[in-house]
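Visitor: The structure under discussion is supplied below as structure tokens; questions concerning it will follow.
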């Protein structure tokens, strides 16, 4: 049996990788998903280190985003919340919804 590109042994049919997903226009570490007004939103933490790892520019980050931000996305709607709240990965859904509501609307291509 041949090993996949990751170097791991092939255990049969391809399974979705639970640690990565396509989010927006590039791949990032998966965050969380939640429902808000009957829509399923995704949220991930974005840092300058993640952007640099992807070959994206980091030197022109807006000062308020330099420490990272949460990126919320549903369909074409996008929001940012900075700085990244401590413990956001484990807070309850109600608190996650509140963070999303506090996040500022943004659009693809808006300065980072």
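Visitor: Among the residues of segment 60-67, is any at pLDDT below 95, surrounded by 13 or more Cβ atoms within 10 Å (Cβ to Cβ) and assigned to a strand (DSSP E or B)?
Guide: No: segment 60-67 contains no residue that is at pLDDT below 95, surrounded by 13 or more Cβ atoms within 10 Å (Cβ to Cβ) and assigned to a strand (DSSP E or B).
Visitor: Let me ask something else. Quick check on segment 52-59. Is at least one of its residues touching a strand residue (DSSP E or B) at 6+ places or on another chain (Cβ under 7 Å) and either in contact (Cβ under 8 Å) with a residue 12 or more places away in the chain or surrounded by 14 or more Cβ atoms within 10 Å (Cβ to Cβ) (or both)?
Guide: yes
The values are calculated or read from the model by the stated rules, or taken from the named source; none is laboratory data. Keep in mind the model is a prediction, meaning the values are calculated, not measured. Neighbour counts are summed over all protein chains in view; Cβ atoms, including those assigned to glycine, are modelled from backbone coordinates with ideal geometry.
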